[in-house]
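Asks: Below is the structure I would like to discuss, written out as structure tokens.
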Amino acid sequence: MMFEEGQVLRVQYWVQVFPAIILISLMFPAVVLAQSFDSGLQAAQDGDFERALRHWRPLAQQGHAKAQFTLGVMYELGEGVSADDVEAVRLYKLAAEQGHGLAQSYLGDMYASGRGVLQSYGDAVRWYLEAAENGVPQAQFKLGQLYENGLGVQENKQQANYWYGKADEAIVEMVPW
């Protein structure tokens with residue numbers, strides 16, 4: 001199945017917009033797993049990232065995947081902490097190993113770009129694949145790109161189209177149009 005240009009453009013648009021949506025959703029989640037995590041969210045909403053860090057760091061140290069991922073984002077963006085890609089990778093990996101889909105995708109990004117780790121498309125494919133299987137659309141799209149261009153995998157247009165299609169399906173389900 002080949003995709004029309006409009007479908008690919010729609011997926012590309014949402015892949016670019018999705019990280020911002022995720023960051024916003026971290027500030028306003030519907031379900032909060034722990035009171036301390038909720039307090040951290042309130043602090044982040046108030047722009048007090050240092051207070052958010054005081055709530056989330058102990059949770060992350062206790063193995064709370066969502067807190068590990070959120071701290072990883074803070075370190076990647078330098079919100080409330082000095083930007084530190086190595087620490088972001090460490091935190092993403094802790095959450096990713098627990099099956100946190102967004103952490104898996106963000107870890108794939110770090111490997112693909114060589115931020116905080118040695119650049120490795122092979123490792124990027126590994127983490128994007130795990131995230132894609134967890135239904136993360138940007139990971140599905142990026143897998144499509146890697147298959148289309150033969151980066152970290154053998155070039156395979158059928159696999160590229162498969163992953164582009166999965167990303168398109170996921171985005172259509174998420175966006176009410």
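Asks: Among the helices (runs of 4 or more DSSP H) contained in the range 46-129, which hold 2 or more residues that are within 25 Å of GLN140 (Cβ to Cβ) and touching a helix residue (DSSP H, G or I) at 6+ places or on another chain (Cβ under 6 Å)?
Replies: 65-77, 85-96, 101-113
Quick grid of which residues meet (1) at pLDDT below 95; (2) in contact with a Phe, Trp or Tyr (Cβ under 6 Å, 6 or more places away or on another chain); (3) charged (D, E, K, R); (4) part of a loop (DSSP other than H, G, I, E, B):
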residue	(1), (2), (3), (4)
ALA132	no, no, no, no
LEU143	no, yes, no, no
LEU146	no, no, no, no
LEU151	no, yes, no, yes
TYR162	no, no, no, no
ALA167	yes, yes, no, no
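Asks: I've got another one for you. Return the only residue of GLY99, GLY63 being closer than 22 Å to LYS166 by Cβ and surrounded by fewer than 17 Cβ atoms within 10 Å (Cβ to Cβ).
Replies: GLY99
Asks: Mind checking which pairs have a first residue in the range 99-120 that is under 16 Å from GLY135 (Cα atoms) and modelled with pLDDT of 95 or more and a second that is part of a loop (DSSP other than H, G, I, E, B) and aliphatic (A, V, I, L, M), Cβ under 6 Å, 6 or more apart or different chains?
Replies: Filtered contacts from the range 99-120: GLY101/VAL136; SER105/VAL136.
Asks: Sticking with this structure for a sec: For the range 50-60, enumerate the residues that are surrounded by fewer than 20 Cβ atoms within 10 Å (Cβ to Cβ) and over 20 Å from the mean Cα position of the chain (by Cα).
Replies: Within the range 50-60, GLU50, ARG51, ARG54, PRO58 meet the criteria.
Asks: Please verify whether GLU155 is out of contact with any Leu (no Cβ under 8 Å at 6 or more places or on another chain), of a type in the set (D, E, K, R), modelled with pLDDT of 95 or more and not in a helix (DSSP H, G or I), treating the condition exactly as stated.
Replies: yes
Asks: Shifting gears a bit: Quick one: which residue in LEU107, LEU102, LEU151 is over 16 Å from the mean Cα position of the chain (by Cα) and among the hydrophobic types (A, V, I, L, M, F, W, C)?
Replies: After applying the criteria, what remains is LEU151.
Residues are listed down the side, and each one gets a yes or a no for (1) more than 23 Å from TYR128 (Cβ to Cβ); (2) in contact with an Asp or Glu (Cβ under 9 Å, 6 or more places away or on another chain):
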{"site": "ASP48", "(1), (2)": "yes, no"}
{"site": "ARG57", "(1), (2)": "yes, no"}
{"site": "GLN62", "(1), (2)": "yes, no"}
{"site": "THR70", "(1), (2)": "no, no"}
{"site": "GLY80", "(1), (2)": "yes, yes"}
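Asks: Another question, then. Would you mind finding the one in GLY135, GLY150 that is without any contact (Cβ under 8 Å) to a residue 12 or more places away in the chain and not hydrophobic (A, V, I, L, M, F, W, C)? Explain how you work it out, then say what you get.
Replies: Details: GLY135 fails: without any contact (Cβ under 8 Å) to a residue 12 or more places away in the chain.
None of the others qualify; the one that does is GLY150.
The values are calculated or read from the model by the stated rules, or taken from the named source; none is laboratory data. All figures in this text were calculated on a predicted structure; none of them were measured in a lab. Cβ sites come from the backbone with ideal geometry, for glycine too, and all protein chains shown count toward neighbours.
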